[in-house]
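Values quoted throughout were computed directly from the atomic coordinates according to the rules given, and no laboratory measurement underlies them. The structure displayed is predicted, hence computed values, not measured ones. Neighbour counts run over all protein chains shown; Cβ positions are idealised from the backbone, glycine included.
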Amino acid sequence: MKTLRIVVVAAVLVLTASAASAQKAALGTWDLTTISPEGTFNSVMEVRQEADKLVAVGKNPQGERKYDSVAVEGSNITLVVTIDYQGSPMVITYTGKIDGAKIEGSADYGGLATGTFSAARK
């Protein structure tokens, strides 16, 4: 029984360290380019750690917007943000892969349209 507890504790520590390492890959400031049916948009995205979760903020000449959520599993990243689109809320879900100093993936505009995005570490 004692051996089983040691194995379980060791496994939890390894998983926790792996999750923390994956989250670190997303931290920092990124130049973000989004290509949507409406055109190409450039902004800056900051991802930081607050307590035990990741927080992202998008910045462009119109101001700042906090993302609803950021999730990182391995090299996969999912970012969710709600915008006002023609007077109605639209949830945009970005799904991509972190590869060192870049992120690339797809964007889903509330199920109405799709696009792509890329980010380069500043």
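Overview of values
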quantity	calculated
Matching option when the condition is more than 12 Å from the chain's Cα centre (by Cα), β-branched (Val, Ile, Thr) and surrounded by 14 or more Cβ atoms within 10 Å (Cβ to Cβ), among Val44, Val55	Val44
Residues located in region 72-122, provided they are loosely packed, with under 14 Cβ neighbours inside 10 Å and touching an Asp or Glu at 6+ places or on another chain (Cβ under 7 Å)	Lys97, Thr114, Ala120, Lys122
Number of positions in region 19-64 that are among the small types (Gly, Ala, Ser) and not in a strand (DSSP E or B)	7
Flag for Gly115 being in a strand (DSSP E or B) and within 13 Å of the chain's Cα centre (by Cα)	no
Residues of region 65-87 classified as over 16 Å from Ser36 (Cβ atoms), hydroxyl-bearing (Ser, Thr, Tyr) and part of a strand (DSSP E or B), total	2
